[in-house]
1. Is segment 165-172 home to any residue that is more than 26 Å from E232 (Cα to Cα) and at pLDDT below 95?
2. Restricting attention to helices (runs of 4 or more DSSP H) lying wholly within segment 1-97, give those where 3 or more residues are under 29 Å from T163 (Cβ atoms) and modelled with pLDDT of 95 or more.
3. Is it the case that segment 33-48 has a residue that's in contact with a Ser or Thr (Cβ under 8 Å, 6 or more places away or on another chain), surrounded by 19 or more Cβ atoms within 10 Å (Cβ to Cβ) and outside the structural domain of G205 (by TED's automatic domain parsing)?
4. Does segment 137-175 hold any residues that are among the small types (G, A, S) and over 21 Å from F20 (Cβ atoms), and which are they?
5. Is it true that some residue in segment 129-136 is in contact with a strand residue (DSSP E or B) (Cβ under 9 Å, 6 or more places away or on another chain), part of a strand (DSSP E or B) and either buried (at least 18 other Cβ atoms within 10 Å of the Cβ) or of a type outside the set (S, T, N, Q) (or both)?
6. Only one residue in V118, V134 is of a type in the set (V, I, T) and out of contact with any Asp or Glu (no Cβ under 7 Å at 6 or more places or on another chain), so which one is that?
7. For segment 8-24, enumerate the residues that are closer than 22 Å to Q245 by Cβ, surrounded by fewer than 15 Cβ atoms within 10 Å (Cβ to Cβ) and not small (G, A, S).
Amino acid sequence: MDMAALRAVYDREMRMDAQFPDYEKEFFPNLVRMVNRTEHEGFIPYSRLTEEEADRVIAEQMQYFRDLNMEYEWKYYSYDTPADLKGRLAAHGLEVGEDEAIMVLEIEQAPERLRQPVTRDIRKITDPDEAYLVQKLVDEVYQEEHPWLTPEFRRRLIHYPDTIGIFMAYQDEKPVAAGWSFYYPKCTFAGLYGGSTLAPYRRQGIYTDLVAVRMQDAIAHGMRFLTVDAGEESQPILEKLGFRQIAVSNPCQWKPAANR
């Protein structure tokens, strides 16, 4: 599949058609908006704006979320239009996050390395009461708290178990790395997240084994693609495994003053 076709199917499935649990989706001619009234947060996964309408549409979305007093994220991709969209979002008050490489692998093109049975001690978490173990590990890896992880994992494992796969790697019975996958209705992409590994256990192939386990889980779910929002450390590994970069993305976020 060439790059244009790959971007087109990614946009359609991951940015327009994918449904997130507990989010209401609204379609506009030039934008998709999602709102979670329970968690009081919003998300704009897709936009295709002209130069003439961009500032007006951005202002409309800002006003919408201000009126709700709700934080939201506008997910920007480097091929979105207009060409200066990221700068316009920043000018309207959204905080532009770090670059993330959007990496995609067509599973039928995956290397044999990812298809082989994984012999490393990697365990799938299915018990909601064990979800905290992932957050505990991730907090240790990054030396900061990620309070959303445990409730999000518990919610999915209890109410939407088919939308998530959580895996932890162990060494000498010690959890040393974790990664998870999200699955979406009407979507043939498995979104891979995490891969967080404690520093003493890096460069030992654990990250690659977690990709392999999750790809095999994705095959069992009938997926065609894997996608990763990759940082600087994981991108070179993913490239060696056949992933292609289709865009650079930035989370552009806004929060009401009381939440900052």
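The values are calculated or read from the model by the stated rules, or taken from the named source; none is laboratory data. It should be emphasised that the depicted structure is a prediction, and the values quoted were computed from it without experimental measurement. Cβ: placed from backbone, ideal geometry, glycine included. Neighbour counts: every protein chain shown.
1. Looking for residues that are more than 26 Å from E232 (Cα to Cα) and at pLDDT below 95, one finds at least one in segment 165-172, hence yes.
2. 3-10, 54-68
3. Taking every residue of segment 33-48 in turn, none turns out to be in contact with a Ser or Thr (Cβ under 8 Å, 6 or more places away or on another chain), surrounded by 19 or more Cβ atoms within 10 Å (Cβ to Cβ) and outside the structural domain of G205 (by TED's automatic domain parsing).
4. Passing the criteria: only A169.
5. no
6. Step by step, each of V118, V134 is checked, and only V134 is of a type in the set (V, I, T) and out of contact with any Asp or Glu (no Cβ under 7 Å at 6 or more places or on another chain).
7. Passing the criteria: only R12.
For every residue, the table says whether it meets (1) of a type in the set (S, T, Y); (2) over 29 Å from P185 (Cα atoms); (3) out of contact with any helix residue (DSSP H, G or I) (no Cβ under 8 Å at 6 or more places or on another chain); (4) buried (at least 19 other Cβ atoms within 10 Å of the Cβ).
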{"residue": "K75", "(1), (2), (3), (4)": "no, no, no, yes"}
{"residue": "P82", "(1), (2), (3), (4)": "no, yes, no, no"}
{"residue": "L105", "(1), (2), (3), (4)": "no, no, no, yes"}
{"residue": "R113", "(1), (2), (3), (4)": "no, no, no, no"}
{"residue": "T126", "(1), (2), (3), (4)": "yes, no, no, no"}
{"residue": "Y142", "(1), (2), (3), (4)": "yes, yes, yes, no"}
{"residue": "F153", "(1), (2), (3), (4)": "no, no, no, yes"}
{"residue": "R156", "(1), (2), (3), (4)": "no, no, no, yes"}
